[in-house]
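Notes follow the structure.
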Amino acid sequence: MSIESTILGLIFNVDNWAKKPFIDLRGKFPGVKDEYDITFCDENPVVCKADLHYPKEKEGKLPVLLNIHGGGWIIGDKSNSTSYCLQIADAGFFVMNINYGMPEKIANPLFNSVDPKETHSADWLWPYPIQTHFKAMKWLEENAEKYNLDLSKVFVSGDSAGSHMAGVVAACFCDDNYANSLGVEKPSFVPKGYVLNCGIYRVSIYEHIPIGRAMMQRFTGYKNIKECPLYAELNPMPYLNEKAGNVLVCKGQFDVMTLLQSDMMKKRLDNVGAKADMYVGRGFPLATFHDFMFLTFTKHSKDCMKYTADWLNRKAAE
């Protein structure tokens with residue numbers, strides 16, 4: 001375990017732990033029903049857990065959002081995205097907020113509430129997390145009738161590393177060869193769109209930054225990242241095309257964590273003919289930083305979440 005990855009893990013976990021009481025919206029949406037820790041894949045019931053949030057009363061079939069939490073690919077938990085998901089559920093969506101496998105835990109056993117030990121193992125490296133995302137989509141397919149889901153209106157979202165993985169999911173639906181190389185099993189439906197929050201997509205840039213390089217080394221299991229057999233596939237952008245459909249790219253104006261990568265993603269989507277929109281958080285400092293939309297106590301977060309919910313409902317209605 002490198003010094004860089006240890007420092008990174010501590011910083012991420014301290015950040016999640018410290019801000020959680022201030023952004024927690026659980027219990028503040030009486031019209032939303034919650035189901036916690038459902039198992040969406042029996043092959044790995046420890047890792048493949050999800051929280052469900054959906055309207056208690058709504059006529060007709062529900063549009064769907066599948067959410068992937070962030071954490072640099074190496075730490076985190078679905079509970080860190082709960083407040084984000086509750087707001088989308090309150091806007092009329094069935095939200096499935098998932099966990100996935102990550103490398104061995106840093107700073108174990110600290111911060112288990114925001115980074116559970118059981119979701120970490122040396123066996124759950126890239127591209128295993130992507131495979132679990134598709135297992136979650138299979139669960140949606142199998143439970144569509146039970147929850148009255150509209151599988152023609154499925155969206156996938158993520159933040160930070162979760163946004164990268166949402167981009168990988170989009171690329172899998174755009175390019176069959178790419179999907180096959182990652183070993184995913186696609187469902188019968190195709191997502192209608194994606195919400196990419198403060199994402200990292202061209203991960204090769206991180207090779208030149210010590211902490212970023214440490215994340216990639218842990219995620220892939222290779223000290224020399226370029227030796228990873230699926231090194232090229234870490235960057236989903238070359239595999240995206242018009243089949244990506246509707247994409248909302250959200251970023252903070254001065255997000256130093258992502259190094260202008262949201263702009264790169266938006267440009268790529270425009271060039272291939274996808275229907276891409278962008279939301280930029282402005283207003284120094286809280287609206288400009290990484291994952292600013294998760295700071296639920298701020299006006300900037302509320303504005304972004306309203307835009308996101310309206311965008312999702314508008315695209316679902318098309």
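No lab work stands behind these numbers, since they all come straight from the coordinates. Not measured: the values here are computed from a predicted model. Glycine also receives a Cβ, built like all others from the backbone with ideal geometry; neighbour counts cover every protein chain displayed.
Structure values in brief
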{"quantity": "Cα-based Kirkwood hydrodynamic radius, the range 28-73, one decimal, Å", "calculated": "12.8 Å"}
{"quantity": "Positive-end residue, the chain charge dipole about Cα centroid, Cβ charges, pick of L286, M102, H53", "calculated": "L286"}
{"quantity": "Members of K28/K56; K33/K315; K61/K135; K135/K275; K192/K243; K105/K226 lying beyond 20 Å, as alpha-carbon distances in this model show", "calculated": "K33/K315; K61/K135; K135/K275; K105/K226"}
{"quantity": "Antiparallel content of DSSP bridges confined to the range 35-191, in %, to 5", "calculated": "35 percent"}
{"quantity": "Sequence of K105, K117, K251 once ranked by neighbouring C-beta atoms within 10 Å, starting from the fewest", "calculated": "K117, K105, K251"}
{"quantity": "Distant-in-sequence amide H partners of G281 (H built 1.01 Å from N, under 5 Å)", "calculated": "K251, G252, Q253"}
{"quantity": "Normalised contact order of the range 34-166, rounded percent, pairs of Cα under 8 Å and 6 or more residues apart", "calculated": "33 percent"}
{"quantity": "E142-K306 pseudo-label distance in nm [points 7 Å out on the Cα-to-Cβ vector]", "calculated": "4.1 nm"}
{"quantity": "Net lengthening on full extension, V280/Q253 (0.36 nm per residue, minus Cα-Cα)", "calculated": "9.1 nm"}
{"quantity": "The range 196-213-the range 94-152 distance, computed between alpha-carbon centres (Å)", "calculated": "22 Å"}
{"quantity": "Solitary cysteines of the chain, where the nearest other Cys Cβ is not under 4.7 Å", "calculated": "C85, C172, C174, C198, C228, C250, C304"}
{"quantity": "Range of Cα positions in the range 128-185 per principal axis (Å), largest first", "calculated": "32, 24, 19"}
{"quantity": "Packing rank of 92-99, 44-51, where each peptide gets the mean count of other beta carbons within 10 Å, highest leading", "calculated": "92-99, 44-51"}
{"quantity": "The chain: antiparallel DSSP beta bridges as a percent of all, rounded to 5", "calculated": "25 percent"}
{"quantity": "The range 1-80 - Kirkwood radius from inverse mean 1/r over Cα pairs (Å)", "calculated": "15.3 Å"}
{"quantity": "Fraction of the pair-distance distribution of the chain above 23 Å, Cα-Cα pairs, percent", "calculated": "53 percent"}
{"quantity": "Relative packing of 296-306, 141-151, which averages over residues the other C-beta atoms within 10 Å, highest first", "calculated": "296-306, 141-151"}
{"quantity": "Average Cα contact separation per residue, the chain, under 8 Å, 6 or more apart, as relative contact order %", "calculated": "17 percent"}
